[in-house]
Each structure stands twice: as C-alpha cells, then as structure tokens.
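J.: Below you'll find the structure I mean.
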Amino acid sequence: MTESTLLSWIVFTPLLGIPVILALPKEKKQLIRYVAAITCAIPLLLGVYLYLIFDPSNTGIQLAHHFVWIRSFHIEYYLGVDGLSILMILLTVLISFIACIASFGIEKYLRGYFALFLLLETGMLGTFCALDFFLFYVFWEVMLLPMYFLIGIWGGPRKEYAAIKFFLYTLFGSLLMLLAIIALYFNSNPATLVDGTPVPHTFNMIKLITENDFANAPALLGFAFSKIVFIALFIGFAIKVPIVPFHTWLPDAHVEAPTPISVILAGVLLKMGGYGILRVNFGILPEATVWFAPAMALIGGVSIVYAAFVCLAQKDLKKLIAYSSVSHMGFVLLGIASFTEQGITGGVFQMWTHGLISPMLFLLAGVIYDRAHHREIEGFGGLAYRMPEYTGAIGLAFMASLGLPGLCGFISEVLVFLGAFPVFRTLTIISAMAVIITAAYYLWTIQRMFLGKLNEKYKDLPDLTWRERFTLYPLGALIVLLGIYPAPAMSLITDKLMNILQMFHG
Amino acid sequence: MSDISFSAILPELILCIFGILVMVLGPFLGRNSRSFGGTLALLGFATSIVGALLVPESAGKLFFNGMVTTDAFSIFFRVLFAAIGVVMTLGSLNYLHRLKLPTFEYFALLLFASAGMNFMVLSTDLLLTFIGLEILSIATYVLAGIRRDDAASNESAIKYFFMGSFSSAILLYGVALIYGSAHSTSYQAILKHAAAVNGQQQIPLLFLIGFGLIIVGFCFKVAVVPFQVWAPDVYEGAPTPITGFLSVASKMAGFAALIRILFQVLPHDLPQWVQLLVVSSILTMWIGNLSALTQTNIKRMLAYSSIAHAGYILIGIVAANQTGITAILYYAVAYALMNLGAFTIITILSGRDDRRVTLEDYKGIGFQYPQLSFPLTICLISLAGIPTTAGFIGKFFLFSAAVEEKMYLLAVLAVLAALVSVYYYLRVVVYMFMFEPDGKREVRIHPAAGVVVLVCCLLIFWFGLFPTWLLEVSRQAVILFLHP
C-alpha cells in the first residue's frame with residue numbers, strides 16, 4: 001500500500017470482507033460478527049493513519065488516486081482528500097465501526113446483514129473521497145440500496161413502507177442530481193484526462209470548480225443555467241440533509257430501522273447532504289450560491305424551529321431524536337449560507353458534532369428498546385434509580401445535543417450563530433430561540449423517563465452492558481474532548497474553508 | 001453475379017442448416033432423447049456466433065445484388081442474436097422437460113426465428129427486411145402457442161398472430177408506396193432517389209406516407225405507444241421463456257432494422273418523424289411504467305416494463321447523435337442480459353404448470369432460495385437503472401444523449417419515468433425479502449439454467465463497472481450511421 005492508494009484501500013477494504021462473511025457457515029454467528037468487526041476496524045485504523053499524514057496547511061487535494069476509468073465518456077477514477085472531506089471520512093470510519101459493534105445484537109440473517117452493512121460503508125466512504133462527478137454519483141447510489149435492504153429486512157413493523165419511502169425520496173433527489181451532472185458535463189470547458197488526453201468535456205470535480213464558470217452558460221428550459229442546475233443539485237442534497245419540507249422520510253426510516261442502521265443514518269448519511277452542498281453547489285456554482293443563500297438560510301431556520309416544535313409533541317423517543325436531527329442539521333445550512341468564516345466553520349463542525357451526538361442518542365434509544373421493547377416516553381418513569389449509568393449517558397448526550405457549554409455541540413452552534421448573526425439578523429435570533437425549545441423537550445423527556453416515580457414494570461431493568469459501554473463511551477469521550485479542546489478537528493478544516501470563502505469574497 | 005458470397009450469410013446458413021437438422025432428425029430419435037434437440041440447437045447457435053465473427057466485415061461492399069451487407073452493425077447484432085439463442089436454449093431445456101413440450105419443434109423454431117432476425121439486420125433491401133421479419137414473426141407465433149392445451153398460450157398466439165399480420169400488412173403497404181415513388185426497394189436506390197428529389201422540391205407525399213407506414217409497422221413490432229396494446233396479453237400468455245425471447249430478441253431485431261432504415265435510408269433533413277417519435281418515446285416510457293405499477297403478475301409487469309424500455313431506447317433514436325446510437329447498442333446488450341436473466345429465473349420458479357408467476361408466489365422466497373432471489377434482485381435493480389449495473393450505464397448514456405441535443409424536457413421526463421419504475425421493480429424485491437413465506441415449495445434448478453443466470457449477473461456487473469470495451473464495440477458498429 002502506497003500513499004496514493006491509501007484512499008482506495010480505505011474505501012474498498014469493507015468490500016473485501018463481504019466474500020469472507022458470505023463464505024462462513026451461517027451457524028457460526030459469533031465468528032461472522034468478529035469478522036465484520038475486524039473488517040470495519042481496518043478502515044478505522046487506516047483513517048487514523050490518514051489523519052496523521054494529512055497536511056492541514058495544504059488546501060489542495062492530497063493523496064489522490066487517479067486514473068482513467070471509462071475512456072469513451074471521459075470518466076475517471078479519482079479519489080482524493082482535502083480539509084472538507086477528511087473530517088467526513090474520519091467520522092464515517094468511526095461511526096461505522098461503532099455501528100458494527102452495536103450490530104452484534106442482530107440475530108436474523110446475519111451474513112446478509114453484515115454483507116450489506118459493509119457495502120454501505122464502501123458507498124459512504126467512496127462518496128466522501130470521490131472527486132470525479134460520475135464516480136461520486138455511483139458511490140452515492142451504491143449506498144442507497146444496502147440501506148434500503150437494511151431497513152426493509154431488519155426493520156420494525158412498518159419496515160417495507162419506511163424502506164421504500166426512503167429509497168424513492170432519495171432516488172428522486174439523486175436523479176435530479178444526475179441530470180444536473182450531465183448538464184454540467186456538456187457545458188464544461190475542454191480539459192485533459194489524467195494521462196494527458198485532451199477531451200471536450202470533463203467530469204473532474206476539481207476542474208469543474210477551478211476551470212469552469214457556468215454563470216454565462218446558455219439558458220436551460222428558459223431558466224438561467226446555473227440557477228436551475230443549482231436547484232436540481234440542491235434538492236438532491238437537501239433531501240439527504242434533510243430539510244423541511246423534504247424531511248418526512250427521515251422519522252419513518254429512523255423509527256423502523258434497527259438501532260445500528262439509525263446510527264449510520266444519523267451519523268453519516270445526513271452529512272452527505274451537507275457535504276454535497278459545500279463541495280458541489282458552493283464549489284461549482286458560486287454565483288448561484290450567492291443568489292440562493294438567503295433562501296438556504298431561511299430553509300435552515302425553518303428546519304431548526306419547525307422540527308424543534310415537532311419534537312415537543314413526540315411520544316416515541318426515537319422519533320424525538322429523529323426530529324431533533326432535522327432541527328440540528330438546519331444549523332448546518334444556516335451556518336454555511338452566511339459565507340462568514342465562523343458560519344462556514346461552524347456549519348462544517350456542526351456536521352461533525354451532530355455526527356457524534358446523534359449516533360450516541362440512537363444507541364441509547366436502542367438500549368432502552370432492547371430492554372423494555374418499546375420507546376414510549378410516557379411509559380417510563382424513575383429509571384434513574386434503576387439505571388444510573390444509563391441515565392448519566394443519556395444526560396450527557398441530551399446536554400451535548402441542546403448545546404451545553406463544555407460539550408462539542410455548544411461550539412458549533414455558537415460558531416453558526418456568530419457567523420450568521422451579522423448576515424441574517426432576525427433569522428438568527430429566531431433560530432437561537434429554538435435552542436430554548438430544544439432544551440425544553442430534552443429536559444421534559446428526562447423528567448418523564450428518568451425522574452419521578454419508578455414504573456413498577458421496569459424495576460428489574462439491568463444497566464449498561466459491556467458491549468453497550470464499548471459503543472457509548474468513545475462517543476461520549478469525544479463529545480467532551482472536542483467540547484473542551486476542538487482544535488484537532490478545527491485545524492483540519494479551517495484552511496480549506498478559507499479557500500472556499502475566497503471564491504465568494506475574493 | 002460475382003457478388004454472391006455465401007460467406008456473407010454464413011451465420012444464417014448455419015442457423016438454417018441446424019434448424020433443418022433438428023426437424024429432420026427429431027422424428028427418428030423419438031421421445032426418449034429430449035436433450036438431443038437442445039444440444040443441436042446449442043451447437044447451432046454457438047457455431048453461428050463463430051460464423052458471425054468470421055464474416056469479413058466491410059461497410060461499403062454489398063452482396064446478393066445489393067441486398068446484403070456485412071457491416072459492423074449487422075455483425076454486432078448477429079453475434080448478439082446468436083448469444084441470445086444460446087441463453088434461450090440453456091434456459092428453457094428444463095422448462096420444456098417439465099411441461100412435456102415438444103423439444104424438436106421448439107428448438108427448430110428458435111433457430112429459424114434467429115435466422116429471421118439476422119436477415120432483418122443484414123438486409124439493405126426493404127423486401128429482404130420484410131422477409132426476415134416474417135420468418136421471425138411466423139416462428140414466434142407458433143412458439144407463443146406451443147402449449148397447445150393451455151388456453152392462455154393459445155390466446156397469446158392468436159392475438160400475436162393477428163396483430164403481427166396487421167402490422168406486417170401496414171409495413172408491406174409502406175414498402176409498396178416507397179417502391180411506387182422510388183422505383184426500387186433497395187436502400188441505396190431509395191436514398192439516391194430521396195437525395196435527388198430533396199435537392200429541387202418538396203419530398204413527394206407518396207414517399208412520406210410510405211415511410212410513415214414503415215415506421216408504424218416497426219413500432220407495432222417493438223411495441224411502442226400507441227402500438228403497444230397487444231404486448232401485455234401476448235407476453236402474459238406465452239410460455240415464460242418465449243416471453244423473454246419476445247421482449248428481448250424480437251424487440252431488438254425490430255429496433256435494429258428501424259435504426260438502419262431511419263439513419264441509412266431516410267433523408268436526414270426530414271424532421272417530422274423526430275417530433276413524432278419524441279412524443280411516442282415519452283408516452284411509451286410513462287404508459288409502460290405507470291401500467292406496470294399496478295400489476296400483480298410478474299410476466300405482465302415485465303411486459304409493461306419492456307414497453308417502457310422501448311421508450312428509453314427511442315430516446316437514443318431521436319437524439320440521433322453518436323452518444324445516442326452507441327448507447328442503443330450498449331443498451332441492447334444490457335437489456336438482453338438483465339431481461340433474459342430475469343426471465344430465466346422466473347421460468348425456474350414458474351412451477352409445474354407455468355402458473356406461479358404472481359407476486360404472491362414470490363413471498364418470502366428471498367432467504368429460502370437465495371441462489372435465485374439474489375440474481376433476480378440483481379437483474380431487477382439493473383432494469384431499474386441503479387449504478388454499478390449495466391442497466392445504469394445504458395440509461396446514463398441514453399439520457400446523456402438527450403441532454404447533449406438539448407432535449408432537456410425529454411431527459412427530465414425520462415428520468416422521472418425511471419424513478420416510477422423503481423417502485424415496481426423493488427416491489428418484487430419487497431415480496432421476496434421482506435415478507436414471510438407461505439410455506440415450502442419445490443424448486444429445482446437445472447445446472448444449464450443456473451449457468452445462464454450466473455453469467456448474466458456477472459456480465460451485468462462487468463459491463464456496469466467496466467463498460468469501455470462494449471461501448472467501443474458499439475461505437476465501431478454505428479460509425480456508418482453518423483454523418484459528420
């Protein structure tokens with residue numbers, strides 16, 4: 001393995017585990033689980049190595065793996081990493097590993113489950129590494145199908161409905177994206193492939209960003225080219241984020257999905273939307289981004305406030321966490337739409353903090369569901385007396401999610417507010433108010449589930465097991481650590497983001 | 001005449017000889033050697049592939065009084081049709097045995113049908129095209145009704161026969177009108193005539209109507225809206241392997257002949273047909289996909305799906321650029337792989353009397369028969385156009401062709417139609433994997449059919465991940481249609 005193939009190894013190692021798992025006899029459940037965990041651990045270790053050799057001061061693409069893939073259509077295989085994607089890659093390998101450990105409780109069709117799980121990981125990592133637009137789209141879609149099966153086969157009572165809804169929503173967005181990709185391709189300037197062949201058009205994202213200006217491309221269906229392409233791409237990504245009003249697939253998918261899949265969904269999949277908007281919309285179509293920024297901020301604000309209110313009305317713990325995801329991903333949009341240093345940094349960092357906090361929340365919701373077989377908030381009470389460790393963990397996660405100083409959620413939210421305030425004053429104030437609603441629903445939930453009189457039915461619930469600790473503690477530790485000392489993560493992104501900012505101010 | 005060259009029609013001769021051999025030897029061997037017909041057919045198709053590859057490729061030279069060409073386009077399809085024949089033979093061996101159908105007749109007809117398709121793609125004369133079409137049609141009428149004691153199969157055959165004769169008549173009438181105008185049925189002469197009149201005056205009405213009728217005749221054959229109504233009934237009633245054959249092979253032969261006529265014979269500045277075919281393409285995709293949504297019979301669902309796929313292929317025809325026509329050839333291969341793969345599996349699962357073809361029959365088989373349900377899933381997601389499969393690459397290039405020609409509305413409508421289609425393909429998957437089975441059932445997988453399924457699935461992924469070779473071959477095959 002050389003440095004140039006490191007990314008390919010990270011992306012495709014999970015794939016290598018699939019034949020191994022499928023070859024194992026299905027009775028050897030524990031062995032299958034261990035093989036899957038090891039297969040997930042390798043990308044994690046490679047990710048750590050990637051973090052160590054990554055040069056944060058370099059704003060360009062590093063560790064590129066680049067060759068021609070489909071010559072007849074000028075499509076290249078192009079993986080690379082920069083300050084924007086490295087955080088997402090690290091998040092993906094970490095969350096995938098934790099979700100894999102959390103999957104040890106799965107009993108049904110184990111081999112199929114882990115095979116799909118590993119395929120999903122490859123799809124996610126590939127999306128964050130791909131720098132050829134076609135390749136990006138392929139990975140984006142590759143991730144879709146395993147997700148569909150993981151929800152649809154291993155999910156809850158309404159799994160078929162939730163799975164197909166997830167699939168059709170996302171596919172609608174990605175097909176719009178596909179058309180936008182083709183339109184961008186045919187309007188791109190001549191370029192050269194990596195081996196020097198001159199070509200009339202290009203899928204190379206870096207070339208699309210640096211060497212093309214779509215502001216003056218011919219109109220499309222009577223609309224300005226850059227604007228309509230921007231909107232097509234934005235919808236594609238925003239469905240994944242998700243934003244109000246395209247969010248309705250999310251609560252269904254989360255409630256029906258098995259716990260580890262919810263973890264992946266909240267921890268990584270939602271981030272693809274934000275990543276896509278920053279990488280593609282901001283990078284390739286800066287003029288249209290400026291034009292659309294107020295609307296983007298408004299969508300962000302509406303998502304924050306609306307979802308927070310919806311949370312207040314939830315009776316199911318998992319649904320509450322799902323809607324809180326919608327609310328917190330709204331911060332990402334609000335932050336990046338401001339074009340200020342703090343705003344964009346905060347938005348990207350919010351993706352990371354939410355990627356740590358929401359998996360922890362879903363794991364915790366899974367813990368109580370495994371024990372009580374339901375998640376009705378009203379159905380519990382006084383759990384703090386029986387499960388002190390669990391209560392402590394969920395308290396930490398709730399506090400981090402509502403933005404308590406000293407935990408990482410606070411830093412990203414403050415940065416977003418600081419960045420957005422000078423640009424969208426009223427909106428920022430209203431969004432900041434929503435934090436109070438957030439505090440309200442979390443505290444109220446704690447009060448109903450953990451305080452008060454102990455529900456006699458649950459007086460024998462055991463506290464956390466070692467496996468659960470193994471998944472929860474690393475996340476909790478990172479949440480605290482990055483809350484006190486966020487520099488390791490920040491230093492990776494800031495230089496790159498300054499690069500993006502210059503496109504708008506410079 | 002010096003241009004009589006039997007090597008130019010070598011694959012067709014091989015197919016016919018083997019067809020006759022099967023027919024002649026069949027009665028002598030009797031009922032106790034069922035696999036003999038299959039073996040002979042397999043040998044015939046395999047030799048025909050070799051023969052097609054041996055045919056000297058020459059774009060400019062015509063044979064048999066200017067009726068036969070050996071250009072790359074014809075060779076591409078001759079190889080494809082023979083390969084389809086191999087797949088059909090292997091896939092239906094066990095089916096014929098299970099349903100106690102006459103094997104010799106079946107395989108002889110398959111060989112003749114294949115020869116007919118070959119004549120459709122190699123002909124450069126309207127009459128030979130028509131004869132090829134009739135050889136194909138008559139063979140498939142009988143194949144559709146080969147289950148003589150089954151009412152649905154009979155209905156299918158009769159319907160197909162009537163609709164087919166009707167469309168042949170329309171086509172022939174068109175040929176007659178063209179002859180009246182151009183005084184020849186040879187493509188070269190017609191093109192010359194068209195170029196001559198085009199220079200000075202309006203194209204004669206006779207000529208225009210003649211072409212209109214020919215296009216309509218082919219539209220019947222490939223089942224595009226509004227000439228598609230016969231397809232679902234015929235496909236549903238026909239024996240399952242034959243449904244696969246009709247939806248793939250005869251459709252592709254129709255498209256190949258249509259492409260040759262549209263791009264080689266028709267004057268290029270005749271825009272009217274483009275507008276009509278754009279409308280037809282949109283309607284075909286939407287009506288096909290929307291009708292498939294509510295089907296509970298998988299054969300019928302795939303019938304509508306194949307209508308929709310004809311709509312996608314029309315995109316390539318109306319875009320009429322290099323991307324588009326190349327994509328059609330690529331898509332023909334991809335579509336053959338995924339549809340034949342799917343039909344082979346459906347054949348295996350169709351049970352003793354070929355009736356277990358509803359969604360209910362597929363409940364819960366996902367984990368009961370993973371060796372069938374996984375390949376079927378692969379074929380279906382390829383039909384749905386999900387990346388890493390050949391179906392995606394094909395759709396991608398077809399849609400790209402439309403965008404390249406700035407037909408944005410067509411591209412948007414096509415993409416949305418593809419989205420609709422995902423729902424019904426995945427519904428089969430939902431039934432297979434997400435519902436509990438009703439009970440155990442006996443399914444026996446014949447090794448020959450197993451091999452077919454495996455190869456189809458592998459090739460779907462291979463061409464989906466590494467399409468360069470096939471795209472290059474397709475591009476070489478259509479170069480003669482592209483006018484700088």
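J.: Under the definition of Cα pairs under 8 Å and six or more residues apart, what whole-number percent is the relative contact order of the stretch B:271-484?
T.: It rounds to 30 percent for the stretch B:271-484.
J.: Okay, next question. With 43 Å as the cut-off, how large is the P(r) tail for chain B, expressed as percent of Cα-Cα pairs?
T.: Counting every Cα pair in chain B, those more than 43 Å apart make up 10 percent.
J.: Could you tell me the calculated FRET efficiency between A:Arg158 and B:Ile131, based on Cβ-Cβ distance and R0 = 56 angstrom, to the nearest 0.05?
T.: 0.45
J.: With runs of 4+ DSSP H residues as the only contributors, calculate the mean residue ellipticity of chain B at 222 nm using -39,500 (n - 2.57) per run, divided by the residue total and rounded to the nearest 500.
T.: -25000 deg cm²/dmol
J.: So, one more: For A:Asp195, A:Asp460, write out the residues from largest to smallest accessible area, computed with a 1.4 angstrom probe and no ligands counted.
T.: A:Asp460, A:Asp195
J.: On average, how many beta carbons from a partner chain sit within 10 Å of the beta carbon of a residue in B:58-64?
T.: Per-residue shielding by partner chains comes out at 0.
J.: Mind giving me the FRET efficiency for B:His97 and A:Val48? R0 is 45 Å, r the Cβ-Cβ distance, nearest 0.05 is fine.
T.: 0.15
J.: Show A:Lys28, B:Lys251, A:Lys207, A:Lys227 ordered by accessible area, largest first, where the area counts protein heavy atoms only and the probe is 1.4 Å.
T.: My answer, sorted largest first, is A:Lys28, A:Lys227, A:Lys207, B:Lys251.
J.: If exposed GluC sites (Glu not before Pro) are those in a DSSP loop with at most 14 other Cβ within 10 Å, what is the longest stretch of chain A that has none?
T.: The longest uninterrupted stretch comes out as A:212-506.
J.: For the pair B:Ile209 and A:Thr248, what calculated FRET efficiency results from E = 1/(1 + (r/R0)^6), where r is the Cβ-Cβ distance and R0 = 60 Å, to the nearest 0.05?
T.: Between A:Thr248 and B:Ile209 the formula returns 0.65.
J.: At 0.36 nm per residue, and after removing the present C-alpha to C-alpha distance, how many nm does the segment from B:Gln202 to B:Gln275 gain when stretched out fully?
T.: 24.4 nm
J.: Restricting everything to alpha-carbon atoms, can you work out Rg to Rh for the stretch B:303-354 with a Kirkwood hydrodynamic radius?
T.: Radius of gyration over Kirkwood radius for the stretch B:303-354 works out to 1.16.
J.: What does the protein assembly as shown give for Rg and for Dmax, in Å, if only its C-alpha atoms count?
T.: Cα only, the protein assembly as shown: 30.6, 105 Å (Rg, Dmax).
J.: Hey, another quick one. What ranking, highest mean first, results for peptides B:252-259, B:174-181 when packing means the other Cβ atoms within 10 Å averaged over each residue?
T.: The most tightly packed comes first, giving B:252-259, B:174-181.
J.: Another question, then. Considering Cα pairs under 8 angstrom that are at least six residues apart, work out the relative contact order of the stretch A:151-308 and quote it in whole percent.
T.: The normalised contact order for the stretch A:151-308 reaches 29 percent.
J.: Using only protein heavy atoms and a 1.4 Å probe, report how much of A:Thr428 is accessible, in Å² to the nearest 10.
T.: 0
J.: The stretch A:120-184 to the stretch B:290-322: how many Å between their Cα centroids?
T.: 23
J.: Tell me which cysteines of chain A come out unpaired when the rule is another cysteine's Cβ under 4.7 Å.
T.: For chain A, the answer is A:Cys129, A:Cys311, A:Cys408, because their Cβ atoms have no other cysteine Cβ under 4.7 Å.
J.: Let me ask something else. How much of the calculated P(r) for the stretch B:271-484 lies past 24 Å, in percent of all Cα pairs?
T.: In whole percent, the long-distance tail amounts to 43.
J.: Rounded to whole Å, give me the distance from the Cα center of the stretch A:29-48 to that of the stretch A:290-364.
T.: Cα centroid to Cα centroid, the span is 31 Å.
J.: Place a point 7 Å from the Cα of A:Lys453 along the Cα-to-Cβ direction; which residues of the stretch A:375-391 have their backbone N under 13 Å from it?
T.: The answer is A:381-382.
J.: 7 Å from Cα along Cα→Cβ at both A:Asn58 and A:Tyr473: what's the point-to-point distance in nm?
T.: Placing both labels 7 Å beyond Cα along the Cβ direction yields 3.7 nm.
J.: From zero up to wherever the largest Cα-Cα distance of the stretch B:1-98 sits, split into 10 Å bins and tell me the percent of pairs in each.
T.: P(r) for the stretch B:1-98, in whole percents per bin: 16, 40, 27, 14, 4, 0.
J.: Which value, in square angstrom to the nearest 100, describes the accessible area buried between chains B and A on both sides, using a 1.4 angstrom probe?
T.: Buried surface at the B/A interface: approximately 3300 Å².
J.: Need one value for A:374-383: mean number of C-beta atoms belonging to other chains within 10 Å of its residues' C-beta atoms.
T.: Counting other chains' Cβ atoms within 10 Å and averaging over A:374-383 gives 0.
J.: How big is the gap, in Å, between the Cα center of the stretch B:116-133 and the Cα center of the stretch B:450-484?
T.: Each part reduced to its Cα centre gives a spacing of 24 Å.
J.: What base-10 log of the normalised intensity I(q)/I(0) is obtained for chain A from the Debye formula, alpha carbons as equal point scatterers, at q = 0.05, 0.06, 0.11 Å⁻¹?
T.: Treating every Cα as an identical point scatterer, log10 I(q)/I(0) equals -0.18, -0.26, -0.89.
J.: Counting other C-beta atoms within 10 Å, and keeping those with at most 11, which DSSP coil trypsin sites (Lys or Arg not before Pro) do you find in the stretch B:376-469?
T.: B:Lys440, B:Arg444
J.: How would A:Trp352, A:Trp291, B:Trp469, A:Trp140 line up by accessible area, probe 1.4 Å, largest first?
T.: Largest accessible area first, the residues go B:Trp469, A:Trp291, A:Trp352, A:Trp140.
J.: Now for a separate question. With a 1.4 Å probe and all protein chains kept in place, how much accessible area does A:Ile42 have, in Å² rounded to the nearest 10?
T.: Here the accessible area works out near 70 Å².
J.: Now a separate question. Which residues in the stretch B:353-397 place their backbone N less than 20 Å from a point set 7 Å from the Cα of B:Thr296 along the Cα-to-Cβ direction?
T.: Residues passing the 20 Å test: B:353-366.
J.: Moving on. Would you mind checking the tilt of helix B:447-465 against the longest principal axis of the Cα atoms of chain B, expressed as 0 to 90 degrees and rounded to 10?
T.: In chain B, helix B:447-465 runs at an angle near 50 degrees to the longest axis.
J.: Can you give the accessible area of A:Asp495 in Å² (nearest 10), computed on protein heavy atoms with a 1.4 Å probe?
T.: So the heavy atoms of A:Asp495 present about 60 Å² to solvent.
J.: How high is the relative contact order of chain A? Use alpha-carbon pairs under 8 Å, at least six apart in sequence, and give a whole percent.
T.: After rounding, I find 15 percent.
J.: Hand me the trypsin sites (Lys or Arg not before Pro) from the stretch A:255-324 located in a DSSP loop with no more than 15 other Cβ atoms within 10 Å, in residue order please.
T.: A:Lys315
The values are calculated or read from the model by the stated rules, or taken from the named source; none is laboratory data. Quick caveat: nothing in here was measured; it's all calculated off a predicted structure. Reconstructed Cβ throughout: ideal geometry from the backbone, glycine too, with neighbour counts over all protein chains shown. With ligands, DNA and RNA removed, areas are computed over all heavy atoms of the protein, side chains included. Shrake-Rupley method; radii C 1.70, N 1.55, O 1.52, S 1.80 Å.
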